[in-house]
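Beneath this line is the structure, given in structure tokens, with notes to follow.
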Amino acid sequence: QVQLVESGGGLVQAGGSLRLSCAAPGLTFRSYAMGWFRQAPGKEREFVAGIGDAIIYADSVKGRFTISRDNAKNMIYLQMNSLKPEDSAVYYCARRAASTRVVVDVPIGYQYWGQGTQVTVSS
């Protein structure tokens with residue numbers, strides 16, 4: 001069973017920053033596109049950023065969030081700056097099922113998920 005583990009969430013004031021991390025012990029990331037999604041209460045899970053052969057961001061986070069990966073450590077990161085209250089959600093990292101580096105922006109394109117980490121931005 002593939003398990004992804006997110007960390008780095010917390011409570012931050014508007015305008016602040018957080019860095020999320022995602023680890024998958026025993027997995028190889030290099031051949032897969034990876035993504036970050038988020039889900040706020042009562043809302044659908046939405047794409048935030050993805051990294052593979054290309055890097056793609058949701059319009060709502062462009063210029064504020066940066067996704068990166070360290071293949072040697074099997075880690076991906078999400079640096080979140082200029083946070084807004086509307087960024088509050090549970091953030092999930094995900095890995096595509098197939099060995100592809102093509103990023104897609106829909107949850108159905110990803111097979112493996114972490115348990116999520118809560119991000120709360122106060123106004």
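The values are calculated or read from the model by the stated rules, or taken from the named source; none is laboratory data. Everything quoted here is computed from the prediction, not taken from an experiment. Because the Cβ atoms are built from the backbone with ideal geometry, glycine has one as well, and the counts that use them run over all protein chains shown. Note: areas computed on protein heavy atoms with side chains; ligands, DNA, RNA excluded. Shrake-Rupley method; radii C 1.70, N 1.55, O 1.52, S 1.80 Å.
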Q) How much of the accessible area of the chain, probe 1.4 Å, is carbon plus sulfur, in whole percent? A) 48
Q) Ordering Arg45, Arg19 by how much accessible area each has at a 1.4 Å probe, largest first, what is the list? A) Arg19, Arg45
Q) Which Cα, out of Gly9, Cys93, Ala24, lies furthest along the positive dipole direction of the chain (beta carbon charges, K/R +1, D/E -1)? A) Ala24
Q | Residues of the stretch 69-92 with amide N under 19 Å of a point placed 7 Å along Cα→Cβ from Leu11 | A | 83-91
Q.
Please report the spacing between the Cα centers of the stretch 9-30 and the stretch 34-68 in Å, no decimals.
A. 12
Q) Using a 1.4 angstrom probe with every protein chain in place, what is the largest-first accessible-area order of Ile56, Ile108? A) Ile108, Ile56
Q. Got a sec? What order do Lys84, Lys62 fall in by accessible area at 1.4 Å, biggest, i.e. largest, first?
A. Lys62, Lys84
Q) What size of dipole, in debye to the nearest 20, comes out for the chain about its Cα centre when the only charges are +1 on Lys and Arg C-beta atoms and -1 on Asp and Glu C-beta atoms? A) 240
Q) Leaving out ligands, DNA and RNA but keeping every protein chain, what accessible area does Val104 have, in Å² rounded to the nearest 10, with a 1.4 Å probe? A) 40
